[in-house]
Every structure is written in C-alpha cells, then in structure tokens.
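Peer 1: Let me begin by handing over the structure; questions about it come next.
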Amino acid sequence: EDKVVQSPLSLVVHEGDTVTLNCSYEVTNFRSLLWYKQEKKAPTFLFMLTSSGIEKKSGRLSSILDKKELFSILNITATQTGDSAIYLCAVEVPEAGGFKTIFGAGTRLFVKA
Amino acid sequence: DAGVTQSPTHLIKTRGQQVTLRCSPKSGHDTVSWYQQALGQGPQFIFQYYEEEERQRGNFPDRFSGHQFPNYSSELNVNALLLGDSALYLCASFPGQGTHEQYFGPGTRLTVT
C-alpha cells in the first residue's frame, strides 16, 4: 500500500530557530513529491520536487529530494511566528492515465515569540 | 481571478442522510480532485475528475460518488452518512496538461450527528 510518513508529528520552537521536517515514502510508482503549508483550511503550495539532489528554495524555506533513499526534507531558517502551521508532504502516484496524491499526516509546527 | 471555491462552508447532517458538496475550479483548470481530511490527519484522496469522468479513485466506499459538469465544476455526494464521515472536505483543481500543482479550496466542514 502506498504511504507517506512525516516526522516529527509536532514541533515547538522559538522564533529564530531553524527546523527540519522529514518526509519518507513508499509508493508503487513516483511522479513527484510536494510540500504544502496548511494554516486554517486550504493547503497552499510550497514546492514540487521531481529530481534527486536539486534544492528548491523560496526565501527562508528550502527542500530537497532523495529518490534513492525515498525521502525529502523541508528546512525553515530563522523561523517566525507566521510559520506556525501544519506542513504537509504528498507524493503523486501515476495510475492508468491519471494520478492520485498520497498525503502524510503532517507536521504541526508552533513557533513561540 | 477567483481561486477554487467550495460551498457550503459548514454543514450539519444526521446519520443516514445524504449530502452534496460543490466545487468550482480555478479559472483555466479542467481537473478536480476531492479529499477528506479528518481532524489531526492529512488529506485522504477520494477521487479525481477530468473531462467529466472519474479518472482515479482512492480507497473510499461506493457511498462516495461524484460528478463533473461541462464547465469543470464538480460535486461530491455522500449517501447513508456515518459519524465517521465528519471531516473537512477539500477540493483541488489544476490544469490537466502540464504542472500538477494543485490549488485547494477552503473546504466544507461536514459534521454528522
């Protein structure tokens, strides 16, 4: 069965800290890995990763994929209270002309002022 | 440009009843996916619609059905509601060709009593 596992499940840090969120996966087929941020309801897109070893970066956030070891990390440097959210990792699994998206349970990050 | 919209925002139903949730995709998007997100969990893939047909389906019973209209909007129907169907139902859209970055709507919070 396809699955995506995130760790830790929750994390409390102080403003200015650097955090690393982990995502491992076991899927029958792989197209891409995605990271989303969910603050209230609608997850918002952060990164899409398809190739190993190529870091994607956006401001204080960065992510990298290791397709050999089947994992990805999301780094957040100089955390701010606005980074408090659930971070979701998802893998796209191609299937018969389309694809399905398998999400992990998420990492709940709380940044203290 | 309106993003993905969903209606209603909240809904309370009784066990055994039927419910219909609605989704309008982002302009230019022709593919819609539906997800169920229970409290404390990541979104679970229900199904995906493209060209008015169900293209992919996750591990959900037949009580969950859907439809896509010629204008690409979509409905999710759930029959014979169970208490366990209480969740946030998210709709996501993306263009069928090209990137699979999914844009999520704000969701419908369904409570079954």
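The values are calculated or read from the model by the stated rules, or taken from the named source; none is laboratory data. The model shown is predicted, which means the values in this text are computed figures rather than measured ones. Neighbour counts run over all protein chains shown; Cβ positions are idealised from the backbone, glycine included.
Peer 1: From (1) within 14 Å of chain A (Cβ to nearest Cβ); (2) more than 21 Å from B:I12 (Cβ to Cβ); (3) crowded, with 18+ Cβ neighbours inside 10 Å, pick out the condition that doesn't hold for B:Y89.
Peer 2: (2) is the only condition that B:Y89 fails.
Peer 1: Take the residues in segment B:10-30 that are in a strand (DSSP E or B) and touching an Asp or Glu at 6+ places or on another chain (Cβ under 9 Å); name whichever of them is surrounded by the most Cβ atoms within 10 Å (Cβ to Cβ).
Peer 2: Here the answer is B:C23.
Peer 1: Could you please tell me which pairs satisfy a Cβ distance under 6 Å, a separation of 6+ or placement on different chains, a first residue in segment B:36-58 that is more than 8 Å from chain A (Cβ to nearest Cβ), and a second residue that is not in a strand (DSSP E or B)?
Peer 2: B:Q37/B:P43; B:I46/B:G58; B:I46/B:F60
Peer 1: Please verify whether A:I76 is away from every other protein chain (no Cβ under 14 Å), β-branched (V, I, T) and in contact (Cβ under 8 Å) with a residue 24 or more places away in the chain, treating the condition exactly as stated.
Peer 2: yes
Peer 1: Right, something else. Could you please tell me which pairs satisfy a Cβ distance under 8 Å, a separation of 6+ or placement on different chains, a first residue in segment A:10-22 that is at positive phi, and a second residue that is at pLDDT 95 or above and of a type in the set (A, V, I, L, M)?
Peer 2: Going by the 8 Å Cβ cut-off, the qualifying pairs are A:G16/A:A78.
Peer 1: Can you pull out the residues in segment A:88-101 that are closer than 18 Å to B:V32 by Cβ and at the interface with chain B (Cβ under 7 Å from one of its Cβ atoms)?
Peer 2: A:E92, A:E95, A:G97, A:G98, A:F99, A:K100, A:T101
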